[in-house]
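What follows is one structure encoded as structure tokens, with my remarks underneath.
The values are calculated or read from the model by the stated rules, or taken from the named source; none is laboratory data. What you see is a predicted model, and the numbers here were worked out from it, not measured in a lab. Virtual Cβ from ideal backbone geometry, glycine too; neighbours counted across all protein chains shown.
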């Protein structure tokens, strides 16, 4: 097999990164924008000893699961990789991705149940992060998502997976930023003012918090005036902030944020609890699906024990712990982000919750020094999963169940394998569709210690 050669293949399955898998003389070959049962003519774009990559030359016979994407930019925008596949089959693909990870990485022979679908599959995304750039000749401001495997911005004027008001706000920024001498960011030269626009939208009341991420460490007159103009243009905007990120980095938000107009948070409601969400606060982008997960965890706890002691590690703004507080004797949370800890304490006070102890600091260090035992321990780590030390501490501190919430099947499988080797029992794994039309999948695993 050589680069440039053309073959006819049929796609066997989709991988964890949404690529279609075909085999040519036993060689695994990965093809973008494909679906199971697609019969294709493909061209090889790269070959190594273990696998090859290819692109579609022709769809000879489309899969029965192919549909027309409801977004006209699906093929060029990198945000919704699976939108051309029937939604019910997307759920099956995600179930298979989890099952494959559990088998190949974890060594588990376990049947994964059907993925629980998102209550919304359009307008579900309530956090929008658009990179900003500027055209070389016409100097137009561009805002949108990147094309797949590139940093070329697709200038998006309508995105059906996010609330319509977000499109209007972005359009206002695109049309008016230059009037206030705010330039778009040039990534190659590390020049220009506006790097990103981040919008938090409340599913509860439709309000928005807008954050302008700039390539600098202080505000300026044009930015201040533009923030006021933006704030007054939309009744839905409750606050405009600036985030300072002068570093040459792929990280969107810098360490410092300043509110320029209005409030520095929006309100969201999950499980009848009200949350304050800031510009740089971690909170699930799909509140309705997050609520499904929290209720699922709550129902399991209610079925297992009355008024348990609960530890919520990697807690963010303690959303899970706060939602579980009404079925717990005591809840202890730990989170290293100081702003999230501050918001969690305000949220607990706002909701009149008195049986919660909110701690700031590294989860691993906290667990290593903790002496109390807990009936339930919640682990909700970032994509990289948990350290071995954190898993060991959680296992030693738990006298009942660990509930592991994960957005990465690969690191979840790795961590579950370790826990099983240490004598824990994996009771169930339930996938939830948090990120519709993408290959990402959230899982809740119940582990008996």
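Just a few scattered comments:
- Of the helices (runs of 4 or more DSSP H) lying entirely inside segment 332-416, those containing at least 1 residues that are over 22 Å from residue 447 (Cβ atoms) are 338-350, 363-369.
- Here residue 152 qualifies as more than 25 Å from residue 281 (Cα to Cα) and under 22 Å from the mean Cα position of the chain (by Cα).
- Filtered by the rule that a residue be farther than 13 Å from residue 199 by Cβ and part of a helix (DSSP H, G or I), segment 142-177 gives 174, 175, 176, 177.
- Top-ranked residue in segment 300-329 [being surrounded by fewer than 20 Cβ atoms within 10 Å (Cβ to Cβ) and assigned to a helix (DSSP H, G or I); ranked as nearest to the chain's Cα centre (by Cα)]: 300
- Checking segment 62-77 against the condition returns no match, with no residue being buried (at least 19 other Cβ atoms within 10 Å of the Cβ), more than 22 Å from the chain's Cα centre (by Cα) and not in a loop (DSSP other than H, G, I, E, B).
- Summed over segment 393-422, residues that are in contact (Cβ under 8 Å) with a residue 12 or more places away in the chain and under 22 Å from residue 101 (Cα atoms) total 20.
- Candidates 283, 300, 275 - the one that is at pLDDT below 95 and over 30 Å from residue 151 (Cβ atoms): 275
- Test for residue 182: is it part of a loop (DSSP other than H, G, I, E, B) and touching a residue at least 40 places away in the same chain (Cβ under 8 Å): yes
- Under the condition of being under 25 Å from the mean Cα position of the chain (by Cα) and at pLDDT 95 or above, the residues counted in segment 346-359 number 3.
- Filter pass, residue 375 being more than 20 Å from residue 104 (Cα to Cα), in contact with a helix residue (DSSP H, G or I) (Cβ under 9 Å, 6 or more places away or on another chain) and free of Cβ contacts under 8 Å to residues at least 40 places away in the same chain: no
- Among the residues of segment 156-187, those that are within 23 Å of residue 78 (Cβ to Cβ), surrounded by fewer than 18 Cβ atoms within 10 Å (Cβ to Cβ) and touching a helix residue (DSSP H, G or I) at 6+ places or on another chain (Cβ under 8 Å) comprise 157, 158.
- Filter result (free of Cβ contacts under 8 Å to residues at least 12 places away in the same chain, assigned to a loop (DSSP other than H, G, I, E, B) and more than 30 Å from residue 215 (Cα to Cα)) within segment 93-141: 109
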